[in-house]
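Bear in mind that the values in this text are calculations on the coordinates, not laboratory data. Quantities reported herein were computed from a predicted structural model and do not represent experimental measurements. Reconstructed Cβ throughout: ideal geometry from the backbone, glycine too, with neighbour counts over all protein chains shown.
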Amino acid sequence: MIKVRNLIEWTDKLSIGIEEIDEQHKVLVNLLNRLHAAIIQRNDTEVLEEILDELAQYTVIHFSVEESLMRIFNYPDYEEHKQHHKELTLQVVELKEKIRKEKLSISIEVLMFLRHWLTHHILVDDKKYEPFFVQHGLQKTWSERSWAGKIWDNLLK
């Protein structure tokens, strides 16, 4: 088996400072790293599609959590952020369909798109809401893993 370096290394730079969201972002980073390793190791298309499906499913869940927090805290840029989520989700769905219909392989270019998509969304869009949430009472850390986090931890084992 080929030893593969991670496509994205988690660093404090990617942290938005809210533990629940950071943990979800780490799952997304891990999924991209798994996809990258599968491409480099020349895994079957089915394996690549499974990982891409997991990425798409987890992204929808993650976006739902963010949007729920935005509604709860009455985040002023909710509609704009939600629109970014909708656009990003649509791009991933279109990518999945294109790969399936045209029997395309998932290329390094596709992976670079996904890496840019994730890091840009975290560093630009998500970093904007952290100060607002904290100012309005959201706890930055938890004493116990959230129910959503526990579910995904078990599913990803």
Computed about the Cα centre, the charge dipole of region 35-97 from +1 Lys/Arg and -1 Asp/Glu charges at the Cβ has a magnitude in debye, to the nearest 20, of 160 debye
Using a cut-off of 12 Å between beta-carbons, work out the net charge of the residues near LEU88 (Lys and Arg +1, Asp and Glu -1, LEU88 not included).
-3
With the dipole of the chain worked out from charges on the C-beta (+1 for Lys and Arg, -1 for Asp and Glu) around the Cα centre, which of LEU90, TYR129, ALA38 lies farthest toward the positive end?
ALA38
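Assuming a ≥ b ≥ c are the square roots of the Cα gyration tensor eigenvalues, decide whether region 79-128 counts as rounded (a/c under 1.5), prolate (otherwise, with a/b larger than b/c) or oblate.
Working: a/c = 5.94, a/b = 1.75, b/c = 3.40.
Oblate is the answer for region 79-128, as a/c is 1.5 or above yet b/c matches or exceeds a/b.
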Percentage relative contact order, region 16-139, counting C-alpha pairs under 8 Å, at least six apart:
40 percent
Suppose we keep just the alpha-carbon trace of region 53-109; what are its Rg and Dmax in angstrom?
14.1, 43
Angle in degrees between helix 19-40 and the longest Cα principal axis of the chain, rounded to the nearest 10
10 degrees
Have a look at ILE21, ILE51, TRP10 and report the one farthest towards the positive end of the charge dipole of region 1-61, computed about the Cα centre with Cβ charges (Lys/Arg +1, Asp/Glu -1).
TRP10
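Run lengths n ≥ 4 of DSSP H only: what is the helix-derived mean residue ellipticity at 222 nm for the chain, with -39500 (n - 2.57) per run over all residues, to the nearest 500? Working shown, then result.
Values: 6 runs with 105 residues, N = 157.
Per the formula, -22500 deg cm²/dmol.
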Taking K and R as +1 and D and E as -1, what net charge do the other residues with C-beta under 13 Å from the C-beta of LEU114 add up to?
0
What is the distance, in nm, between label points placed 7 Å from the Cα along the Cα-to-Cβ direction at GLN57 and at ARG42?
2.9 nm
Let me know the charge dipole size of the chain about its Cα centre in debye, to the nearest 20, where only the beta-carbon of Lys, Arg (+1) and Asp, Glu (-1) is charged.
400 debye
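In region 16-139, how many lysine pairs have Cα atoms under 16 Å apart, counting only pairs 8 or more places apart or on different chains?
Details: LYS26/LYS127; LYS82/LYS127; LYS82/LYS128; LYS86/LYS96.
Value for region 16-139: 4.
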Quick check: residue separation of THR119 and GLU67 times 0.36 nm, minus the Cα distance between them. What number comes out in nm?
16.9 nm
